[in-house]
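This report refers to the structure that appears directly beneath it.
The values are calculated or read from the model by the stated rules, or taken from the named source; none is laboratory data. This structure is a prediction, so every number in the text was calculated from the model and none was measured. Cβ: placed from backbone, ideal geometry, glycine included. Neighbour counts: every protein chain shown.
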Amino acid sequence: MKKIGIYGGTFNPIHNGHLNMVKQMAIMIGLDNILIIPTNIPPHKEESAIAESRHRYEMCRLACGENHLFEICDLELKREGRSYTVDTLNEISSTYINSNLYFMMGSDSFLSVSRWLGFEEIIKLAALCTAPRNIKEIPQLVKMEQLLRSRGANTIICDISIMPISSTEIRSRISRGLSVEEMVPKKVIDYIDKNGLYTSNKST
């Protein structure tokens, strides 16, 4: 059976930290493909602070386009209303019938996933995969892994190096006219410049 990674996020914008994490996870888990899924309206974020979906989709396409491992998926962007992981996994599982799904998430999401809408169904549909941001976080992740497994989840904590980059920091630097060359793929930087994204409090 194929191993399909699923990595969703606002990607506002997508950056080298995102790409570095999923590439390393793919190697450790042995993934055949990774679906990169820009979120429509995340349940936990203010819509006004997010660039339009067409911009975020295009930035993902530019960042991943030359790597055969990645496939940009717009199913959440096509869905009306707020995006929930359980709905996305149900759609993907009906498409990739003969595949094992691996839901890839940041450590902060891993620590809170048991409180997500449809958690019991999520863990039936996909394995939960994460990586620590630093050594200090490992005990907390291991403790959560034990809890999740006791509730029937398949989990993987990947021992990889995380690049300390955040989209919030990138947007702040761009708004102040500072370079993000080491943080964001060149094609994405060019797209941001061309479209004037993140130069004010609201990107359109």
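Couple of notes before you dig in:
- Taken over region 128-174, residues that are part of a strand (DSSP E or B) and under 24 Å from His15 (Cα atoms) amount to 5.
- Number of the exception - Ile41 against (1) aliphatic (A, V, I, L, M); (2) modelled with pLDDT of 95 or more; (3) closer than 22 Å to Arg115 by Cα: (2)
- Residue count for region 97-125, restricted to those that are of a type outside the set (Gly, Ala, Ser), under 17 Å from Met1 (Cα atoms) and modelled with pLDDT of 95 or more: 6
- Any hit, region 179-195, residues being without any contact (Cβ under 8 Å) to a residue 40 or more places away in the chain, within 25 Å of Asn20 (Cα to Cα), among the polar types (S, T, N, Q) and in a helix (DSSP H, G or I): no
- Selected residue [over 23 Å from Pro13 (Cα atoms) and polar (S, T, N, Q)] from Ser109, Ser99: Ser99
Each row is one residue, and each column tells you yes or no for (1) surrounded by 19 or more Cβ atoms within 10 Å (Cβ to Cβ); (2) in contact with a Leu (Cβ under 9 Å, 6 or more places away or on another chain); (3) not hydrophobic (A, V, I, L, M, F, W, C).
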| residue | (1), (2), (3) |
| --- | --- |
| Ser161 | no, no, yes |
| Ser167 | yes, no, yes |
| Arg176 | no, no, yes |
| Val180 | yes, no, no |
| Lys187 | no, yes, yes |
| Tyr191 | yes, yes, yes |
| Gly196 | no, no, yes |
| Thr199 | no, no, yes |
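- Among all positions in region 79-86, there is no residue which is touching a residue at least 12 places away in the same chain (Cβ under 8 Å) and in contact with a Cys (Cβ under 7 Å, 6 or more places away or on another chain).
- Residue match in region 144-159 (condition: touching a residue at least 12 places away in the same chain (Cβ under 8 Å), over 27 Å from Thr88 (Cβ atoms) and either of a type in the set (S, T, N, Q) or surrounded by 12 or more Cβ atoms within 10 Å (Cβ to Cβ) (or both)): no
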